[in-house]
Amino acid sequence: MVAIKQISIFMENKPGSLARVAKTLSGGGVNIRALTVAEAGDFGVIRMVVDDTAKGYQVLRDGGFTVSETDVLAVELKDVPGGLYEIAKTLGENNINMDYAYAFVTAKAERAMLIVRVDDLKGAVEVLQKAGIVIATRREVQNI
Amino acid sequence: MFRYWNPHIERMPVDDLRKLQEDRLRSLVRFVYAHSSFYRDRFKEAGVEPDDIKTLSDVTKLPFTQKIDLRNTYPTGMFCLPGDWVVRYHVSSGTTGKPTVVGYTQGDIDMWTDSLARALTSIGLGRGDVIQVGYGYGLFTGGLGLHYGAEKIGATVLPIGAGNTERQIELMQDLGSTAIACTPSYFLYINEVAQNMGVSIRDDTKLKVGVFGAEPWSDETRKRIEETTGIKAYDIYGTSEMSGPLFTECHLQNGIHIWADLFLIEAVDPDTGEQVEDGDRGELVVTSLDKWAFPLIRFRLGDLTIIDNEPCECGRTHPRIMRILGRTDDMIVVRGINVFPSQVESVLMRIPEVGDNYQIIVDRKGPLDVMSVEVEVTEQVFSDKIADLMILSKRVSKELKNVLNITAEVNLVEPGSIPRSMGKAKRVIDKRQV
Ligand SMILES: [Zn+2]
């Protein structure tokens, strides 16, 4: 399966929340590959992809955070105008909903990737691959 | 088979019981009048003499007493026997002002112990049970009260006191505790810590009964405790002025049995002081019938409840009080609407996605009171989708509006961020009183 695991963390919107998460992960030797914060008033959700999900999940739980794991796709963004549009269009035409998405650039700045959460993972993989869009595997994301 | 500690008294026909109360009330009135200048002055102010009290209904001629009297006569101005009769003091720290001191003769201690022996027997405890007393020992009445009551019925006491939570769980397993007595909020915390230790109260301990009190709690919390831990949770009641914890529900869990030979209870309108109609909610007022160092005459407890005089199906003929909603001093008034923390609790606890802990914050924004409720996000419910979390907080808010008719903002907070308590939980932060 090409789905990768995203870690989500519940966070109150107060100073230092994000720093505590980052510190906990670095203390456990876990590296963040991609991260986004979604806020809603007094609270927010930190979503991230890390190099070692199992370990990341464990150190965060042990650190007292509320954590969940979600299957997401890491889709390669073609470095051409309309790269994002192509992905959205392909999913939309096939009636697959994108719950949210966030982009990041790999450390060596070789590639841009889009993390996508969809309501139909299997269907999304199929239609994206058919459209010639590259989906990164777990191993690839770990090794970025 | 129902078990009784003292079947003769507990099942006494109602008329005989009333006769006994009447005799004891008449003796009490003479006793306090003869022994205490405090009561003599109060009786004179009210224009009443001991001889005016002939029947039980004459009790309304007697003046009320209340907590403030106890403070004003600090330390022992309301005692009716000299110090050499007193074998023990308990002291409760006043949240405001002076502490209050209560004292006991040996007979008073025996009365207290006997009351609890009846209560603990009525919930099926006895010889062979191991009762873990998780109430504080010392000046607080909870620990020592339960301690003597449990020993009296032949149970084994584990006098661990409050706190030291991991140890509570270890000893509960090692010594096979079958019952625990503590505050309901502390038990929820013990359960939380047990889970973190990988211990299931249901599967890994012998615990079958919880005796919970010293703070108001709701039936929904009872349900949650019973469903998550597999124990039976019983309500216990009694204030330090009355002796300490004295009464519990019986195994039928349908109101707390108040031993009528020991205490005479009334429910009065908190504003007018008139007795309310049978079955109506009122402020609980007690007169002690077998307590001598520090007797009580029509002492206003501030607790709101309903008295049920119908004999219980368990065979006990004594009146029952329905679950205490809260004390009049716990009540918060938000934009003119009265709210008890226990009512908020009952709404929260019936929403399974909400964690066991909560806190109510009342503040003033401009001319308006605003109330917000903080609840913890549990791992079971946490979603990576913001929308799901917002739906949850809206749902809680809507339930509060539906049930209590109050508008409250609901804030989701990180688990563990609401302070845990080993004793009475602090549920309300009122920022208006600064
Ligand atoms: Zn009963």
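Cβ-Cβ below 8 Å, separation at least six or inter-chain, first residue in region B:312-325 and on the phi > 0 side of the Ramachandran plot, second open to solvent by 10 Å² or more (accessible area, probe 1.4 Å) and more than 7 Å from the ligand (Cβ to nearest atom): which pairs?
Close Cβ pairs satisfying both conditions: B:G315/B:F2; B:G315/B:Y4; B:G315/B:R11.
Which is open to solvent by 20 Å² or more (accessible area, probe 1.4 Å) and under 30 Å from B:G416 (Cα atoms), of A:D79, A:D119, A:D99?
The match here is A:D99.
Kindly list, by first and then second residue, each pair from a residue in region B:142-166 that is closer than 18 Å to B:D114 by Cβ and in contact (Cβ under 8 Å) with a residue 24 or more places away in the chain to a residue that is among the polar types (S, T, N, Q) and outside any strand (DSSP E or B), limited to pairs with Cβ atoms under 6 Å and residues at least 6 apart or on different chains.
Correct list of pairs: B:Y148/B:T113; B:G149/B:T113; B:K152/B:T113; B:I153/B:T121.
Let me confirm something: among A:V21, A:V45, A:V2, A:V59, which residue is in contact with a Lys or Arg (Cβ under 9 Å, 6 or more places away or on another chain), under 30 Å from B:E376 (Cβ atoms) and open to solvent by less than 60 Å² (accessible area, probe 1.4 Å)?
Going through A:V21, A:V45, A:V2, A:V59 in turn, just one is in contact with a Lys or Arg (Cβ under 9 Å, 6 or more places away or on another chain), under 30 Å from B:E376 (Cβ atoms) and open to solvent by less than 60 Å² (accessible area, probe 1.4 Å): A:V45.
Return the residues of region B:372-395 that are among the basic types (K, R) and under 15 Å from A:R47 (Cα atoms); say none if nothing qualifies.
Selection gives B:K385 alone.
Has region B:385-405 got at least one residue that is among the acidic types (D, E), away from chain A (no Cβ under 11 Å) and open to solvent by less than 20 Å² (accessible area, probe 1.4 Å)?
no
May I ask you to list the residues in region B:402-424 that are in contact with a Leu (Cβ under 7 Å, 6 or more places away or on another chain) and either outside any loop (DSSP other than H, G, I, E, B) or closer than 19 Å to B:C182 by Cα (or both)?
Within region B:402-424, B:A408, B:L412 qualify.
Filter region B:345-384 down to the residues that are at pLDDT below 90, away from chain A (no Cβ under 13 Å) and part of a loop (DSSP other than H, G, I, E, B) and list them by number.
B:P352, B:G366, B:P367
Would you confirm, using the coordinates I've provided, whether B:E49 is crowded, with 18+ Cβ neighbours inside 10 Å, among the charged types (D, E, K, R) and either on the phi < 0 side of the Ramachandran plot or out of contact with any Cys (no Cβ under 6 Å at 6 or more places or on another chain) (or both)?
No, not satisfied.
Is it true that B:S372 is without any contact (Cβ under 8 Å) to a residue 60 or more places away in the chain and either open to solvent by less than 40 Å² (accessible area, probe 1.4 Å) or in contact with a helix residue (DSSP H, G or I) (Cβ under 7 Å, 6 or more places away or on another chain) (or both)?
It is true that B:S372 is without any contact (Cβ under 8 Å) to a residue 60 or more places away in the chain and either open to solvent by less than 40 Å² (accessible area, probe 1.4 Å) or in contact with a helix residue (DSSP H, G or I) (Cβ under 7 Å, 6 or more places away or on another chain) (or both).
Here's the yes/no breakdown for (1) touching a residue at least 40 places away in the same chain (Cβ under 8 Å); (2) of a type in the set (G, A, S); (3) open to solvent by 10 Å² or more (accessible area, probe 1.4 Å):
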{"residue": "A:G16", "(1), (2), (3)": "no, yes, yes"}
{"residue": "A:A34", "(1), (2), (3)": "yes, yes, no"}
{"residue": "A:S68", "(1), (2), (3)": "yes, yes, yes"}
{"residue": "A:A88", "(1), (2), (3)": "no, yes, yes"}
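Mind listing whichever residues of region B:2-38 are open to solvent by 50 Å² or more (accessible area, probe 1.4 Å) and β-branched (V, I, T)?
Answer for region B:2-38, where residues must be open to solvent by 50 Å² or more (accessible area, probe 1.4 Å) and β-branched (V, I, T): just B:V14.
Can you find a residue in region A:42-65 that is in contact (Cβ under 8 Å) with a residue 40 or more places away in the chain, within 14 Å of chain B (Cβ to nearest Cβ) and over 28 Å from B:N411 (Cβ atoms)?
There is at least one residue in region A:42-65 that is in contact (Cβ under 8 Å) with a residue 40 or more places away in the chain, within 14 Å of chain B (Cβ to nearest Cβ) and over 28 Å from B:N411 (Cβ atoms).
Could you tell me whether region B:295-310 includes any residue that is within 16 Å of the ligand (Cβ to nearest atom) and assigned to a loop (DSSP other than H, G, I, E, B)?
yes
Which members of region B:145-159 meet the condition of being over 24 Å from B:G315 (Cβ atoms) and open to solvent by less than 40 Å² (accessible area, probe 1.4 Å)?
The answer is B:G145, B:L146, B:H147, B:V157, B:L158.
Report whether or not B:G134 is touching a Phe, Trp or Tyr at 6+ places or on another chain (Cβ under 7 Å), over 27 Å from B:S421 (Cα atoms) and open to solvent by less than 40 Å² (accessible area, probe 1.4 Å).
Considered against the rule, which asks whether it is touching a Phe, Trp or Tyr at 6+ places or on another chain (Cβ under 7 Å), over 27 Å from B:S421 (Cα atoms) and open to solvent by less than 40 Å² (accessible area, probe 1.4 Å), B:G134 comes out as no.
Looking only at region B:320-364, which residues are within 16 Å of the ligand (Cβ to nearest atom), open to solvent by 20 Å² or more (accessible area, probe 1.4 Å) and not charged (D, E, K, R)?
Listed by number, the list holds a single entry, B:M322.
Might you check whether a residue that is within 13 Å of another protein chain (Cβ to nearest Cβ), closer than 30 Å to B:S92 by Cα, in contact (Cβ under 8 Å) with a residue 40 or more places away in the chain and open to solvent by less than 40 Å² (accessible area, probe 1.4 Å) occurs anywhere in region B:411-425?
Among the residues of region B:411-425, at least one is within 13 Å of another protein chain (Cβ to nearest Cβ), closer than 30 Å to B:S92 by Cα, in contact (Cβ under 8 Å) with a residue 40 or more places away in the chain and open to solvent by less than 40 Å² (accessible area, probe 1.4 Å), which makes the answer yes.
Restricting attention to region B:293-319, and to residues there that are polar (S, T, N, Q) and out of contact with any strand residue (DSSP E or B) (no Cβ under 7 Å at 6 or more places or on another chain), which single residue is surrounded by the most Cβ atoms within 10 Å (Cβ to Cβ)?
B:T317
Looking only at residues that are under 25 Å from B:W85 (Cβ atoms), out of contact with any helix residue (DSSP H, G or I) (no Cβ under 7 Å at 6 or more places or on another chain) and of a type in the set (G, A, S) in region B:99-131, which one is most open to solvent (accessible area, probe 1.4 Å)?
By that ranking, first place goes to B:G107.
The values are calculated or read from the model by the stated rules, or taken from the named source; none is laboratory data. Source: prediction; values computed, not measured. Neighbour counts run over all protein chains shown; Cβ positions are idealised from the backbone, glycine included. We work out accessible area using only protein heavy atoms, side chains counted, and drop any ligands, DNA or RNA first. Shrake-Rupley method; radii C 1.70, N 1.55, O 1.52, S 1.80 Å.
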